[in-house]
1. Please verify whether the range B:61-80 includes one or more residues that are in contact with a Pro (Cβ under 8 Å, 6 or more places away or on another chain) and away from ligand 1 (no atom under 16 Å from the Cβ).
2. Does any residue in the range B:197-225 that is free of Cβ contacts under 8 Å to residues at least 40 places away in the same chain come within less than 8 Å, Cβ to Cβ, of a residue that is among the acidic types (Asp, Glu) and in a helix (DSSP H, G or I) six or more places away or on a different chain, and which pairs are these?
3. Could you list, in sequence order, all residues of the range B:15-37 that are assigned to a helix (DSSP H, G or I) and farther than 22 Å from B:Ala139 by Cβ?
4. Got at least one residue in the range B:38-49 being among the hydrophobic types (A, V, I, L, M, F, W, C), in a helix (DSSP H, G or I) and either in contact with a Gly (Cβ under 7 Å, 6 or more places away or on another chain) or touching a residue at least 24 places away in the same chain (Cβ under 8 Å) (or both)?
5. Working only within the range B:63-115, note down all residues that are in a helix (DSSP H, G or I) and within 14 Å of chain A (Cβ to nearest Cβ).
6. Hey, could you check the range A:70-86 for residues that are within 15 Å of ligand 3 (Cβ to nearest atom) and surrounded by 17 or more Cβ atoms within 10 Å (Cβ to Cβ) and say which is nearest to A:Leu105 (Cα to Cα)?
7. Answer yes or no: is there a residue in the range A:84-98 that is touching a Lys or Arg at 6+ places or on another chain (Cβ under 8 Å) and not in a loop (DSSP other than H, G, I, E, B).
Amino acid sequence: MHEMSLCEGIRGVIEDQARAHKVDRITRVRLEIGRFAGVEKHALEFAFDVVMRGSVAEGAALVMIDLPGRAMCYDCMAEVEIADRLDPCPECGGGRLMPVAGDELRIKDLEVA
Amino acid sequence: MSQARLVEIETDILAKNDAYAMANRKVLAGLGAFAVNLVSSPGSGKTTLLCRTIEALGDQPLSVIEGDQQTANDADRIRATGARAVQVNTGKGCHLDGHMVGHAMAHLDIAPGSLLFIENVGNLVCPAGFDLGEDCKVAILSVTEGEDKPLKYPDMFTAARLALLNKIDLAPHCDVDLDLYEANLRRVNPGIEVIRISARTGHGMDNWLDWLSGSLTRKRGRAAAE
Ligand SMILES: Nc1nc2c(ncn2[C@@H]2O[C@H](COP(=O)(O)OP(=O)(O)O)[C@@H](O)[C@H]2O)c(=O)[nH]1
Ligand SMILES: [Mg+2]
Ligand SMILES: [Zn+2]
């Protein structure tokens, strides 16, 4: 839903970095996106192309790397990996899980020409 | 051979927002003011509940930031209670962000040791991801929305410290299972506190006011200790 504003955030970071590293063209942007970050990947790809127009990353390839979702089980107190937010605990079958990782939205690196 | 090289940056996409949010948090910490980010779908009763809360708090100092895509209706409703309020219109934006809230805070002249209520844009998805610098999110869920909403929109309820289950007066009229609402809230957030409330009849208001005053006392204590 807010993929446009995420891409505006990406553009802001990229432009700062390009200035700092004296780079005038970026050919690839790699993002790390947690399983629970709630990002609609197709929408993000679309918004990325639109928002990067006119920037140093115009036409850059976008690569999204998935990071796993992890949660703390309130029944057995184990930290477990789950694929879906509503999955039961793989250790004990419990249904009370608090996410501890998987909401990441990071720019990992930039490939510059 | 390609000339390509990699620049490692490992930066959060929302780093700019987070920096604004941290600046807001610092201002609030200095003041010992407690800020609540009220989140919910449109129509669950955020503004009504806020007006009732302000009336119940009497002359206790507080301020309000109202977020909506359009209109100043809600800030007008809040000002009618005598409270200080600033309206932020996000236009196409689906959430408030740290920058908007920082501006609004600067206009409010927030009193030390006071409460700040931020009514976010009615939306169960986007506001979950944007830190405003608040002390915590309070999610409002009204009993007419359906017991499965925490399961369908888990992020918002996971991010909230407290859920206000509102419009409890309507429960007898609409075949709802209040225990199932609570069970589903705890399924996505086992640590969440839940208060059953009605902005209309005042049921549960005491619990909510106690929760607010306990939170504010702790915040003031931390500010005094620093
Ligand atoms: N029956 C009943 N109606 C309520 C209650 N709280 C709010 N409402 C009504 O719900 C509608 C939407 O409320 P509003 O405060 O504008 O919701 P917001 O969009 O979340 O700010 C209004 O018609 C309110 O009068 C409640 O506790 N009980
Ligand atoms: Mg409202
Ligand atoms: Zn377990």
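Bear in mind that the values in this text are calculations on the coordinates, not laboratory data. Since this is a predicted model, take the numbers as computed values, not measurements. Counting neighbours? That spans all protein chains shown, and the Cβs are built from the backbone with ideal geometry, glycine included.
1. Let us first name the residues in the range B:61-80 that are in contact with a Pro (Cβ under 8 Å, 6 or more places away or on another chain), namely none.
For the range B:61-80, residues in contact with a Pro (Cβ under 8 Å, 6 or more places away or on another chain) and away from ligand 1 (no atom under 16 Å from the Cβ): absent.
2. Close Cβ pairs (under 8 Å, with a partner that is among the acidic types (Asp, Glu) and in a helix (DSSP H, G or I)) amount to B:Ser198/B:Asp169; B:Thr201/B:Asp169; B:His203/B:Asp169.
3. Here is the first cut: in the range B:15-37, the residues assigned to a helix (DSSP H, G or I) are B:15-31.
Scanning the range B:15-37 gives B:Ala15, B:Lys16, B:Ala19, B:Tyr20, B:Met22, B:Ala23, B:Lys26, B:Val27, B:Ala29, B:Gly30, B:Leu31.
4. Yes: one or more hits.
5. From the range B:63-115, those in a helix (DSSP H, G or I) are B:73-79, B:98-108; that's our starting set.
Answer for the range B:63-115, where residues must be in a helix (DSSP H, G or I) and within 14 Å of chain A (Cβ to nearest Cβ): B:Gly98, B:His99, B:Met100.
6. Filtering the range A:70-86 down to residues within 15 Å of ligand 3 (Cβ to nearest atom) leaves A:70-82, A:86.
If we keep only those that are surrounded by 17 or more Cβ atoms within 10 Å (Cβ to Cβ) too, we end up with A:70-73, A:80, A:82.
Numbers: A:Arg70: 15, A:Ala71: 17, A:Met72: 20, A:Cys73: 23, A:Val80: 20, A:Ile82: 18 Å.
Per the criteria, the residue is A:Arg70.
7. Checked against the condition, which is being touching a Lys or Arg at 6+ places or on another chain (Cβ under 8 Å) and not in a loop (DSSP other than H, G, I, E, B), the range A:84-98 yields no hits at all.
To keep it simple, each residue is scored yes or no on (1) without any contact (Cβ under 8 Å) to a residue 12 or more places away in the chain; (2) under 21 Å from B:Met156 (Cα atoms); (3) over 19 Å from the mean Cα position of the chain (by Cα); (4) within 12 Å of another protein chain (Cβ to nearest Cβ).
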position: A:Met52; (1), (2), (3), (4): no, no, no, no
position: A:Pro90; (1), (2), (3), (4): yes, no, yes, no
position: A:Arg96; (1), (2), (3), (4): no, yes, yes, yes
position: A:Lys108; (1), (2), (3), (4): no, no, no, yes
position: A:Val112; (1), (2), (3), (4): no, no, yes, yes
